[in-house]
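S.K.: The following block contains the structure, expressed as structure tokens.
Here, each number is a calculation from the coordinates, and none is a lab measurement. Bear in mind the structure is a predicted one, so any value in this text is a computation, not a measurement. Positions of Cβ are generated from backbone atoms using ideal geometry, with glycine treated the same way; all protein chains shown enter the neighbour counts.
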Amino acid sequence: MEKIIIEGGRQLNGTVTISGAKNAALPITAASILTGGWHRFHRVPQLRDIETIRKIMSKMGVVFEEQDGVLSINSDNITECEAPYDLVKTMRASILLLGPLLARLGRARISLPGGCAIGARPINLHLKALAAMGVDMTLEHGYINARVDRLKGANVFFDIPTVTGTENIMMAAVKAEGKTVLRNAAKEPEVIDLAVVLRKMGALIEGDGTDTITIRGVKNLGAVQEHVVITDRIEAGTFMVAAAMTGGSIAIEGCRSANMEAVIEKLRAVGAEVKETDSGLHIRGPKTVKSVDIKTMPYPGFPTDLQAQFMALMCVAEGSSIITETIFENRFIHVSELQRMGANIEISGNQAIVRGREYLSAAPVMATDLRASASLVLAGLVALEGRTEVHRIYHLDRGYEAMEEKFMKLGANIRRETA
């Protein structure tokens, strides 16, 4: 087991290049199942979750080649349609293989997904939509067994916006017979990036980025010759919070304000200076962090994937703040670890009341999920009186590419060790 060691108290300055978005690269990788030929994708991040979906797809007969930063994928010879439990249990996004497998082969056997312990993320919305498209499904021994002669277009209404649900049904619908309309669809930039890829294959999709997406099915698709995955707005937000916490000055390369307006608004409210540059964004942290209230919402609202990081920021802010989590019911499980570092946080239902203090104290802590692990690293950057040890960092490696190396280049005293 590995751990990250941090000696806090250093101001962070410099330039960081943001990696490709995990939440865009995963569905895009899954979409390559839809048709044969060689697909070429740039800026696919080196992450544990990407490695997992590649292992699953390799077992199905998909071929991967990587050279000079380009990931090439060929699914000419799919021999299996099963995503086994031993791999799926580590990553919920593996459910994204269900839609493209049904569109390509008319059958799939997918283990019920696992992943972070941040609350229920039921896949019933996926299954309900697929049933409306004519899919026959049974649940046996923890596996979804699905079969269809050919998918039929349908009118689908999601009870709540679901990113993976929207993506899964988009991928299924591109080869369905007739028209599929998705209402109350997710509007995230990662959904739009997938739609761009599907259109490069020859899919007929309109309305991505709005709550109504229309897909007209086609019989044949072609391989994607070139596509550059969008940058990771959650990684960008994490480094922006780090600049605000340490009073530093960081250039965030490859990131644009258009996808981060809610985050930038809150950073400016805490006193940070955020400017758009030719290559991305520049953030300068304030001398004193002001408290602000946060409420997570579906895009374009404040992202739940940055809630834990902003809570770490509020732990060293002047005054009190209320953080309201509306997406996942268990996404405050990092609070107990922040409290070990001296944070003053009270939980009441889906709200956390954070009373800021001048600094946090170094301590050994344990990551409980992907974004919680990032919040603990951020807390360690401003913790004094010793060194912070963040354990179970395999969560961090699921969604952040070389985080400690990037922080080191910004001046942090941080390193990775074998526990």
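S.K.: Whole number please: convex hull volume per residue of the Cα set in the chain, in Å³?
M.R.: Values: hull volume 53.2 nm³, N = 419.
Taking only Cα atoms, the chain has a hull volume of 127 Å³ per residue.
S.K.: Does a label point 7 Å from the Cα of Thr212, set along Cα-to-beta-carbon, have any residues of region 172-192 with amide nitrogen under 18 Å, and which are they?
M.R.: 179-188
S.K.: May I pose another question? Using only the Cα atoms of region 1-119, what are the Rg and Dmax in Å?
M.R.: That works out to 16.8, 56 Å for Rg and Dmax.
S.K.: When the helices in the chain are scored as -39500 (n - 2.57) per DSSP H run of 4 or longer and the sum is shared across all residues, what 222 nm value do you end up with, to the nearest 500 deg cm²/dmol? Display every interim value, and only then the final one.
M.R.: Working: 14 runs with 128 residues, N = 419.
It lands at -8500 deg cm²/dmol.
S.K.: Given R₀ = 22 Å, what would the calculated FRET efficiency be for Glu265 paired with Thr15, taking r from the Cβ atoms and rounding to 0.05?
M.R.: Values: r = 24 Å, r/R0 = 1.07.
Result of the calculation: an efficiency of 0.40.
S.K.: A further question on this structure: If each residue of separation counts as 0.36 nm, what is the full-extension length gain between Glu358 and Asp86 once their alpha-carbon separation is subtracted?
M.R.: Working: separation 272, 0.36 × 272 = 97.92 nm, distance 4.48 nm.
93.4 nm is the gain from fully extending Glu358 to Asp86.
S.K.: While we're looking at this one, here's another question. Using θ = phi - 60° and the Karplus curve 6.51 cos²θ - 1.76 cosθ + 1.60, what whole-Hz ³J(HN,Hα) does each residue of region 296-303 get, with Gly and Pro shown as x?
M.R.: 6, 8, x, 4, x, x, 5, x
S.K.: Here is a follow-up. Region 280-341 to region 132-180: how many Å between their Cα centroids?
M.R.: 35 Å
S.K.: What is the magnitude of the charge dipole of region 22-218 about its Cα centre, with +1 placed on the Cβ of each Lys and Arg, -1 on the Cβ of each Asp and Glu, and no other charges, expressed in debye to the nearest 20? Intermediate values should be presented prior to the final figure.
M.R.: Values: 24 positive and 21 negative charges, 48 e Å.
The calculation lands at about 220 debye.
S.K.: Go through region 186-201 residue by residue and turn each phi into a ³J(HN,Hα) via Karplus (6.51, -1.76, 1.60, θ = phi - 60°); whole Hz please, and just put x for glycine and proline.
M.R.: Karplus values, whole Hz, x for Gly and Pro: 5, 10, 4, x, 5, 5, 4, 4, 5, 4, 4, 4, 5, 5, 5, 7.
S.K.: Here's another thing I want to ask about it. Expected output is a single nm value to one decimal: the length gained when fully extending between Arg284 and Glu405, i.e. 0.36 nm times separation in residues minus the C-alpha distance. What is it?
M.R.: Working: separation 121, 0.36 × 121 = 43.56 nm, distance 2.07 nm.
Taking Arg284 through Glu405 to full extension adds about 41.5 nm, to one decimal.
S.K.: Given R₀ = 30 Å, what would the calculated FRET efficiency be for Arg415 paired with Trp38, taking r from the Cβ atoms and rounding to 0.05?
M.R.: Numbers: r = 39 Å, r/R0 = 1.30.
Taking R0 as 30 Å, the efficiency between Arg415 and Trp38 is 0.15.
S.K.: For region 13-25, what does the Karplus curve 6.51 cos²θ - 1.76 cosθ + 1.60, with θ = phi - 60°, yield as ³J(HN,Hα) per residue in whole Hz, taken in order and with x for Gly and Pro?
M.R.: 9, x, 10, 10, 9, 7, 7, x, 6, 4, 6, 9, 5
S.K.: Follow-up question, since we're still on this one. Taking the Cβ of each residue in Phe310, Phe64 as the centre, tally the other Cβ atoms inside 10 Å and list the residues starting with the fewest.
M.R.: On the way: Phe310 28, Phe64 15.
Lowest count first: Phe64, Phe310.
S.K.: With charges only on Cβ, +1 for K and R and -1 for D and E, what is the dipole size of region 1-88 about its Cα centre, in debye, rounded to 20? Before the final figure, lay out each step's value.
M.R.: Values: 9 positive and 11 negative charges, 65 e Å.
Using only the charged Cβ atoms, the result is roughly 320 debye.
S.K.: Here's a follow-up. If you bin the C-alpha pair distances of region 22-218 every 5 Å from 0, what whole percents do you get?
M.R.: Computed distribution, short to long bins: 1, 8, 18, 22, 23, 17, 9, 2, 0.
S.K.: Moving on to the next point. What is the magnitude of the charge dipole of region 105-195 about its Cα centre, with +1 placed on the Cβ of each Lys and Arg, -1 on the Cβ of each Asp and Glu, and no other charges, expressed in debye to the nearest 20? Show your work: numbers first, answer last.
M.R.: Values: 11 positive and 9 negative charges, 48 e Å.
Dipole about the Cα centre, nearest 20: 220 debye.
S.K.: Between Asn124 and Glu65, 0.36 nm times their residue separation minus their Cα-Cα distance comes to what? Let's see the in-between values first.
M.R.: Details: separation 59, 0.36 × 59 = 21.24 nm, distance 3.43 nm.
Difference between extended and current length: 17.8 nm.
S.K.: What residues from region 119-163 fall in the zone where the backbone N is under 20 Å from a label point 7 Å along the Cα-to-C-beta line of Lys219?
M.R.: From region 119-163, the list is 148-154.
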